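What follows is a set of notes on a single structure, which appears directly below.
The values are calculated or read from the model by the stated rules, or taken from the named source; none is laboratory data. What you see is a predicted model, and the numbers here were worked out from it, not measured in a lab. Heads up, the Cβs are rebuilt from the backbone with ideal geometry, glycines too, and the neighbour counts pull from every protein chain shown. The accessibility values were calculated without ligands, DNA or RNA, using every heavy atom of the protein model including side chains. Shrake-Rupley method; radii C 1.70, N 1.55, O 1.52, S 1.80 Å.
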2 protein chains.
Amino acid sequence: MTAQLPPDMAQKILAGDRRSLARAITLVESGRADHRAQAAALLEQLAGSGRQALRIGLSGTPGVGKSTFIESFGMMLTAQGLRVAVLAVDPSSARSGGSILGDKTRMERLSRDPMAFIRPSPSQAHLGGVARRTREAVSLCEAAGFDVVLIETVGVGQSETLVAEMTDLFILLMAPAGGDELQGVKRGIMEMADMILVNKADGDLKPAAMRTVSDYAGALRLLRKRSQDPEGFPKALPVSALAEDGLQKAWDEMTALATWRRENGHFDRCRAEQARHWFEAEVREGLLARLHSDPAIRAKMQSLGDAVAAGQSAPAAAAAEMLGLLGA
Amino acid sequence: MTAQLPPDMAQKILAGDRRSLARAITLVESGRADHRAQAAALLEQLAGSGRQALRIGLSGTPGVGKSTFIESFGMMLTAQGLRVAVLAVDPSSARSGGSILGDKTRMERLSRDPMAFIRPSPSQAHLGGVARRTREAVSLCEAAGFDVVLIETVGVGQSETLVAEMTDLFILLMAPAGGDELQGVKRGIMEMADMILVNKADGDLKPAAMRTVSDYAGALRLLRKRSQDPEGFPKALPVSALAEDGLQKAWDEMTALATWRRENGHFDRCRAEQARHWFEAEVREGLLARLHSDPAIRAKMQSLGDAVAAGQSAPAAAAAEMLGLLGA
């Protein structure tokens, strides 16, 4: 990436130029201070575009067929004339780098579709960093005119919460399960779900999938009833990504829910609160970043920390000294 | 509490004066800026006392008999001439105020023992605040000459991690369980345990307790093997707080582990890293506190947040403006 942005970057993104979009996402993924400043300026220029995609969070543990689902679901949407962007939040990729190269081969047909745009998870050690960069990539995709932005995450740790906090709908993809098996999904994640899709509702697994759907439908209703949900939501539905079955029904339900929330004001209110949340999170992160980014501050943190570790100073007194130096 | 500390407060604490200790703990529990400054000064004066207690963290879900255990275990230690302080970290007390009044009645005999000192959990809404105050109370108890500081926590949320980060040994108290029952203890908490004590190893429950001990002994060895553990640790042992059985054996194992770690340098290294950790945590908290404590900053956060929520500004640009005002 060149250090200097072309002056017409914003215009090119608004015109839907994929290469500019990709470069802009690389820019927001950078941790360099000059890149951050350029990224902030670019996002501010694009903030007034007024374009809005439906942001869909999708979570599911490995093995539920997430890639196949995204491919089939995405191909169905693009066939209907919708432009689809797929982003990923995968904290594990920070360590292993594993899924980064895999993303495009995982979704071979969709990645060649001119109506689709697939971007792997940024490789950042810090989940908060991944979150900010993904959220900014969502804004860029919206400005570039995508109709649907799908944010995929693996069912691990806090990544679901982050994805739920940057999306309009949060969908859980599950596999057919036997009896009261819980598939390792935490209650908190179930509570965030607007919809559970039970995949692999085909062939021999169909009866098990249908039973799982009715189990989850009951569980969902017990777990959550929110004022921003119309009658019947949250919902559990069967799909088969492989047989491309149930996908239209799932999409219809998603758009029905989004429409209901738009009409009842929940949609905009939720987005406004999400934006405020991310602003506050960014201020907090920026404040804390000083402790690491400024060499003089970092050195002082180290020397005061050494004194505390050696028992020469109490943590409170050393912290007070440091905060005094920081002007806090 | 008076706003001004008596000038001989530190001397009185070092002399073991209980009333001064209690007042000093009230001081460190205060959130007022002038109290914080006084507390930091007092802790700094006492930092050089060179006194060290064995800090034991004790976690267990309600119903395992934690109060009875602390009472029996504490009485056994005081009978051996050891001075015992009991502190609590209970995030739930912030909301309910529930266990605060209960602490002394829960441990009736121990609370009347002149060799023991019991202090309930500070009522703070913020777990980080509870942690800092408890950690500072530990320092005060050490300066006051206590030999053992027991920090009790309920098995909820992050409180175990905080307690493990301020203690030398972390003990999990469990009830006898049938078969592969997990007692709602998370794997992460099991991994922190230096020792699991299975309580109620008496009467009808004794066989179940013994089976549970051997189940946990196996699980512990699978879960964790750290270089700071001698052969055979982490360990699971049966105790009966009610029958006062197995307590001496548990104490012998605790001191054996502490002695081994002291001789191998792990003990001091761990304390040094804990102290550094708390210093860094306090600096971070202090930095973030500015966002709420300063009315002008709070108002600006609100107005910039409003602009972001209204879509007039992008989170990154608003955050950059705020950070500029904060000099960060």
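Relative to the longest principal Cα axis of chain A, at what angle does helix A:295-309 sit, 0 to 90 degrees, rounded to 10?
With rounding to tens, the tilt is 90 degrees.
Mean residue ellipticity at 222 nm from the helices of chain B, using -39,500 (n - 2.57) per DSSP H segment of n ≥ 4 over the full residue count, to the nearest 500 deg cm²/dmol?
Calculated from helices alone, the mean residue ellipticity at 222 nm is -17500 deg cm²/dmol.
Round to the nearest 10 and give me the degree value, 0 to 90, for the angle of helix B:66-79's Cα axis relative to the longest principal axis of chain B.
The angle comes out near 70 degrees.
At most 10 other Cβ atoms within 10 Å plus a DSSP loop assignment makes a site exposed; report the longest stretch of chain A without any exposed trypsin sites (Lys or Arg not before Pro).
Formally, the longest exposed-site-free interval is A:1-224.
Taking amide H positions as placed 1.01 Å from N in the peptide plane, with prolines and chain starts having none, which residues 5 or more places from A:Thr61, or on another chain, fall under 5 Å of its amide H?
Excluding prolines and chain starts, which carry no amide H, the hits are A:Gly155.
In chain A, once you exclude exposed GluC sites (Glu not before Pro) (DSSP loop, at most 14 other Cβ within 10 angstrom), what's the longest stretch remaining?
A:1-180
If contacts are Cα pairs under 8 angstrom and at least 6 residues apart, what is the relative contact order of region A:1-49 in percent?
Reported relative contact order: 39 percent.
Write down the Å³ per residue value for the convex hull defined by the alpha carbon atoms of region B:277-325.
Residue-normalised Cα hull volume stands at 81 Å³.
Quick one: the Cα spread of region B:1-49 along its three principal axes, in angstroms, biggest first?
Result, largest extent first: 27, 21, 17 Å.
Among B:Met192, B:Met210, what's the order by accessible area (1.4 angstrom probe), most exposed first? Spell out each step's value before the answer.
Numbers: B:Met192 45, B:Met210 85 Å².
So, going from the largest accessible area down, we get B:Met210, B:Met192.
Summarise the partner chain shielding of B:317-327 as one whole number: the mean count of Cβ atoms from other chains within 10 Å of each residue's Cβ.
Working: counts 11, 9, 12, 8, 3, 6, 7, 1, 1, 7, 5.
For this peptide, the per-residue mean of nearby foreign Cβ atoms is 6.
With +1 assigned to the C-beta of every Lys and Arg and -1 to the C-beta of every Asp and Glu, and no other charges, what is the dipole magnitude of the protein assembly as shown about the Cα centre in debye, to the nearest 20? Don't skip to the answer; put the middle values down first.
Details: 78 positive and 78 negative charges, 112 e Å.
That gives a dipole near 540 debye.
Roughly how many Å² of A:His266 are accessible to a 1.4 Å probe, to the nearest 10?
About 40 Å², ignoring ligands and nucleic acids.
Go ahead and run the numbers for FRET between A:Arg109 and A:Leu222, Cβ-Cβ distance against an R0 of 60 Å, rounding to 0.05.
Efficiency, rounded to the nearest 0.05: 0.95.
Output the antiparallel fraction of DSSP beta bridges having both residues in the protein assembly as shown, as a percent to the nearest 5.
Close to 5 percent.
Considering only DSSP beta bridges where both residues belong to chain B, give the percentage that are antiparallel (nearest 5).
Roughly 5 percent of the DSSP beta bridges within chain B come out antiparallel.
Mind jotting down the three principal axis lengths of region B:205-318 based on Cα atoms? Whole angstrom, largest first.
Answer, in whole Å and largest first: 67, 37, 29 Å.
If r is the Cβ-Cβ distance from A:Arg19 to A:Gln52 and R0 is 22 Å, what FRET efficiency results, to the nearest 0.05?
That pair, A:Arg19 with A:Gln52, gives E of 0.40.
What's the magnitude of the charge dipole for chain A around its Cα centre, counting Lys and Arg as +1 and Asp and Glu as -1 at the beta-carbon? Answer in Debye, nearest 20. List each step's numbers first, then the result.
On the way: 39 positive and 39 negative charges, 68 e Å.
Magnitude of the dipole: close to 320 debye.
What percent of all Cα-Cα pairs in the protein assembly as shown falls in each 20 Å bin, counting up from 0?
For the protein assembly as shown, the binned pair fractions read 16, 42, 34, 8, 0 percent.
Over all residues in A:44-50, what is the mean tally of Cβ atoms on other chains that come within 10 Å of each residue's Cβ?
Numbers: counts 6, 2, 1, 8, 3, 0, 1.
For peptide A:44-50, the averaged partner shielding equals 3.
Please give, to one decimal in nm, the separation of the simple spin-label points placed at B:Gln80 and B:Glu244, each 7 Å out from Cα toward the Cβ.
With each label placed 7 Å out from Cα toward Cβ, I get 1.4 nm.
Taking θ as phi - 60°, what are the ³J(HN,Hα) couplings along region A:147-153 by the Karplus curve (6.51, -1.76, 1.60), each to the nearest whole Hz, with x for Gly and Pro?
8, 10, 10, 9, 10, 9, 9
Could you work out the mean count of beta carbons from other protein chains within 10 Å of each residue's beta carbon in A:299-310?
Rounded to a whole number, the mean comes out at 4.
Among the listed pairs A:Lys12/A:Lys66; A:Lys66/A:Lys235; A:Lys12/B:Lys300, give every one whose C-alpha distance is greater than 23 Å.
Working: A:Lys12/A:Lys66 32 Å; A:Lys66/A:Lys235 19 Å; A:Lys12/B:Lys300 34 Å.
Long pairs (Cα-Cα over 23 Å): A:Lys12/A:Lys66; A:Lys12/B:Lys300.
Hey, what's the Cα Rg ratio for chain B versus the globular rule of thumb, 2.2 N^0.38 Å?
1.11
Report the FRET efficiency, 1/(1 + (r/R0)^6), for B:Asp8 and B:Glu263, where r is their Cβ-Cβ distance and R0 is 41 Å, rounded to 0.05. Mind dumping the intermediate values first?
Numbers: r = 38 Å, r/R0 = 0.92.
So, using R0 = 41 Å, E works out to roughly 0.60.
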